[in-house]
């Protein structure tokens, strides 16, 4: 997994900035409509006079677009146009394309900060990311101090498995050599980080399988069907931005609709449900409904004091 990602990233950075932007714009143009080679060249010429746009270069771009971004560009002989079709679903390639799209906008627009206001996010320690990836590849043990939000800081020693992004944070997934179990550690809570010369024998872990039913990073309960009933005002929102990839709409009624999620019934999911306020009701399972009910009752008692 990491070798393939590493090769992929190296190929991206071997391309110059103009060629990356040119490939992105070819994708964007062909998504709108199938086009001839001349139309593609004219479009690129209008966008940026610095783009190399001879036919040989653009055909090479077609090959790189499929390899790097998972889109296949084929020539339709009957219509004499080029068509684009997505042939590979890959989260890394999708995120990269999103980043390039934003970079393209930022570089081509003057005073862009007047029009685009980016969300404030947690600062990522890229040194940790690079060091962790190298440690995974080289099978080296890590040691660090884990700073808890609730308890005293503890020293940890682990065999790194992967890095996972969840809820706008990055986590180290690792086998804790003292606890003898797989744990996740928020990178924002790690200090005194060191890559040791000590080696480990990697076990076979499929991180995607480990977290396929997770909402966020927690996966400590068995996954269950969580059935939620929403006010119809939330229907289009949840269609465009599902809560989880397992989301299914079970039924639509006059004022409400009901969905099913197959997930770990965790605290993170409960916090997401509570964000909908009285627009959402947990129907199943019973124990999770009771858990939400108890939380709502506690909230009511807090607010009742001031009434």
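Summary of values
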{"read-out": "From the options 261, 228, residue that is surrounded by 16 or more Cβ atoms within 10 Å (Cβ to Cβ) and under 22 Å from the mean Cα position of the chain (by Cα)", "value": "261"}
{"read-out": "Some residue of the range 66-77 being over 17 Å from residue 31 (Cβ atoms), part of a helix (DSSP H, G or I) and touching a helix residue (DSSP H, G or I) at 6+ places or on another chain (Cβ under 7 Å)", "value": "no"}
{"read-out": "Candidates 38, 52, 81 - the one that is more than 18 Å from residue 96 (Cβ to Cβ), surrounded by 15 or more Cβ atoms within 10 Å (Cβ to Cβ) and either in contact with a strand residue (DSSP E or B) (Cβ under 8 Å, 6 or more places away or on another chain) or in the same structural domain as residue 93 (by the TED database) (or both)", "value": "81"}
{"read-out": "Test: residue 209 is under 30 Å from residue 133 (Cα atoms), in a helix (DSSP H, G or I) and in contact (Cβ under 8 Å) with a residue 60 or more places away in the chain", "value": "no"}
{"read-out": "Residues of the range 259-295 satisfying the condition of being more than 13 Å from residue 225 (Cβ to Cβ), touching a helix residue (DSSP H, G or I) at 6+ places or on another chain (Cβ under 6 Å) and not in a helix (DSSP H, G or I)", "value": "280"}
{"read-out": "From 220, 303, residue being in a helix (DSSP H, G or I) and either touching a residue at least 40 places away in the same chain (Cβ under 8 Å) or out of contact with any helix residue (DSSP H, G or I) (no Cβ under 6 Å at 6 or more places or on another chain) (or both)", "value": "303"}
{"read-out": "Count of residues meeting criterion [modelled with pLDDT of 90 or more and under 19 Å from residue 91 (Cα atoms)] in the range 124-161", "value": "1"}
{"read-out": "Selection within the range 147-191 - exposed (fewer than 11 other Cβ atoms within 10 Å of the Cβ) and under 21 Å from the mean Cα position of the chain (by Cα)", "value": "168"}
{"read-out": "Count of the range 17-65 residues which are touching a helix residue (DSSP H, G or I) at 6+ places or on another chain (Cβ under 9 Å) and modelled with pLDDT under 85", "value": "10"}
{"read-out": "Residues located in the range 271-283, provided they are touching a strand residue (DSSP E or B) at 6+ places or on another chain (Cβ under 9 Å) and under 15 Å from residue 243 (Cβ atoms)", "value": "273, 274, 276, 279, 280, 281, 282, 283"}
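The values are calculated or read from the model by the stated rules, or taken from the named source; none is laboratory data. Values in this document were obtained by computation on a predicted structure and should not be read as measured data. Cβ atoms come from the backbone with ideal geometry, glycine included; neighbour counts cover every protein chain shown.
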